[in-house]
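Following: one structure in structure tokens, then a few remarks.
The values are calculated or read from the model by the stated rules, or taken from the named source; none is laboratory data. Everything numeric in this text was worked out from a predicted model, so none of it was measured. So basically every Cβ, Gly included, is an ideal-geometry build from the backbone, and we count neighbours across all protein chains shown. Areas reflect the complete protein model, heavy atoms only, side chains present, ligands, DNA and RNA absent. Shrake-Rupley method; radii C 1.70, N 1.55, O 1.52, S 1.80 Å.
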Amino acid sequence: FTLSNCFAMRSKYNAKLTFTKAEQSLHSFDPITTQIDSIVSYFGSAFQISPAAHNLFTLPNDFKIYLTEKPWRFPKRISKLPASSYSQGAVLEFGNGKVAMFGEGAMFTAQYMVFSKSGINSPKAPNNVKFLINVIHWLSN
């Protein structure tokens, strides 16, 4: 995996995203995505994957990679790259082990933001718990 100090977003502060199998942004990889049709992601980073890795999430064409020098600082002149070659979730078998890499953590944490649940406990993210359990099972088998 090649990591960058970046944010993956449509525009500044617009990063919430639902990856779906119907839109082919959530990729089938058994057993991780078994019986899951969508995953919700919030603000996060992205990374490049090796050909040996399995990409789980494809970022949409309208997303950009914002290369930040300091977290949460978006100056008027900020370097941006197309997100097409980046992932926000991938897995890899490496030697005798396994690696799961995600560029976004809020999707796996319970949060409360501005009078609503956000993250894994959000009613708008009904599959995130099952997805996380599937990742943990895949890593442990």
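Quick rundown of the values:
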item	result
Matching residues in the range 100-112 - criterion: being more than 19 Å from residue 8 (Cβ to Cβ) and not aromatic (Phe, Trp, Tyr)	110
Subset tally (residues that are in contact with a helix residue (DSSP H, G or I) (Cβ under 7 Å, 6 or more places away or on another chain) and open to solvent by 60 Å² or more (accessible area, probe 1.4 Å)) for the range 81-110	1
Every pair of residues 6+ apart whose Cβ atoms lie under 6 Å, when the first sits in the range 14-39 and is open to solvent by 70 Å² or more (accessible area, probe 1.4 Å) while the second is modelled with pLDDT of 95 or more and outside any strand (DSSP E or B)	37/21
Residue satisfying all of: in the range 60-90; touching a Leu at 6+ places or on another chain (Cβ under 9 Å) and among the β-branched types (Val, Ile, Thr); nearest to residue 40 (Cα to Cα) among these	65
Residue, nearest to the chain's Cα centre (by Cα), within the range 122-141, restricted to residues that are open to solvent by less than 60 Å² (accessible area, probe 1.4 Å) and modelled with pLDDT under 95	125
Contacts under 6 angstrom Cβ, first residue in the range 113-141 being more than 19 Å from residue 35 (Cα to Cα), partner of a type in the set (A, V, I, L, M, F, W, C), 6 or more apart	119/106; 119/110
Output for the range 34-69, where each listed residue is in a loop (DSSP other than H, G, I, E, B), under 22 Å from residue 120 (Cβ atoms) and modelled with pLDDT of 95 or more	36, 37, 56
Of all residues in the range 11-33 being in contact with a Leu (Cβ under 8 Å, 6 or more places away or on another chain) and within 11 Å of residue 88 (Cβ to Cβ), the one that is modelled with the lowest pLDDT	17
